[in-house]
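Here's the structure we're looking at; comments come further down.
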Amino acid sequence: MTSREERVIHFSDCDPAGIVFYPQYFVMLNAHIEDWITDGLGFDYYELVSGRRIGLPTVRLEVDFVAVSRMGDRVALELEVERVGGASLTLKRTISGIGGDRRMTMRQVLVTTSLETHRAIELPDDLRTALQRTSPPSVVA
């Protein structure tokens, strides 16, 4: 399953050169993860974090910036699950122009953690079940 979300590049996303200031891509992609967990997996992301005290911090990023995005551009953020481990998720992320021109690619690893101890914990069973329901069998360990 691929999660796709479109958005406009805003003035607040850009540097004085009028192109996306690269850390803003990470802000956009983090918001996309929250939306995917809530809308795509059927979880209340805020309950997961605030109520159940389970975090999903990023522990690894591999990023290639391929082309610039400018204020006013419409872009598509995409997320695909590559691997589900015992306590981790590996995601393939892309941002492209609406016409399909790639702007950036990223591989991201998230780890489920206890927000009490800040240590890795196993993926909760209900989250694993949601991932199994929405991902090809080959990606879920």
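Derivation of every value follows stated rules applied to the coordinates shown; laboratory data play no part. As the structure is a prediction and not an experimental result, all values here were calculated from the model.
Name the residue, out of 75, 66, 111, whose mean-square fluctuation peaks in a Gaussian network model built on the chain with Cα pairs under 10 Å.
Of the options given, 66 has the highest mean-square fluctuation.
Can you work out ³J(HN,Hα) from phi for every residue in segment 88-96, in order, using Karplus 6.51 cos²θ - 1.76 cosθ + 1.60 and θ = phi - 60°, giving whole Hz and x for Gly and Pro?
Along segment 88-96, the couplings run 9, 10, 10, 10, 9, 10, 9, 10, 9 Hz.
Any chance you could run the full-extension gain for residue 80 through residue 17? It's 0.36 nm times the residue separation minus the Cα-Cα distance, nm to one decimal.
19.6 nm
Return the percentage of antiparallel bridges among DSSP beta bridges fully within the chain, rounded to the nearest 5 %.
95 percent
Okay, helix-only estimate at 222 nm for the chain: each DSSP H run of n ≥ 4 adds -39500 (n - 2.57), divide by all residues, round to 500 deg cm²/dmol; what do you get?
Calculated at 222 nm, the ellipticity per residue is -5000 deg cm²/dmol.
Scale the Cα Rg of segment 1-49 by the rule-of-thumb value 2.2 N^0.38 Å and send over the ratio, two decimals.
Ratio of Rg to 2.2 N^0.38 Å for segment 1-49: 1.37.
Each residue of segment 8-17 in order: what ³J(HN,Hα) in whole Hz does its phi give by Karplus 6.51 cos²θ - 1.76 cosθ + 1.60, θ = phi - 60°, with x for Gly and Pro?
Each residue's phi maps through the Karplus curve to give 9, 6, 9, 3, 5, 7, 10, 9, x, 7 Hz.
Measure of size requested: the Rg and Dmax of segment 4-86, with Cα atoms as the atom set and Å as the unit; please supply both.
14.7, 43
Provide the per-residue ³J(HN,Hα) series for segment 18-35, in order, calculated from phi with Karplus coefficients 6.51, -1.76, 1.60 and θ = phi - 60°, each as a whole number of Hz, with x at glycine and proline positions.
Once θ is set to phi - 60°, the couplings for segment 18-35 become x, 10, 4, 6, 3, x, 5, 4, 5, 5, 4, 5, 5, 4, 4, 4, 4, 5 Hz.
Any chance you could check the Cα centroid distance between segment 28-75 and segment 82-141 for me, in angstrom?
10 Å
What are the equivalent ellipsoid semi-axes of the chain, built from the alpha-carbon gyration tensor (square roots of five times its eigenvalues), in whole angstrom, biggest first?
28, 16, 13
Given the Cα-Cα distance of residue 52 and residue 121 and 0.36 nm per residue of separation, how much length would full extension add, in nm? Present the calculation step by step, with values, prior to reporting the outcome.
Working: separation 69, 0.36 × 69 = 24.84 nm, distance 1.25 nm.
Working it through step by step, the gained length comes to 23.6 nm.
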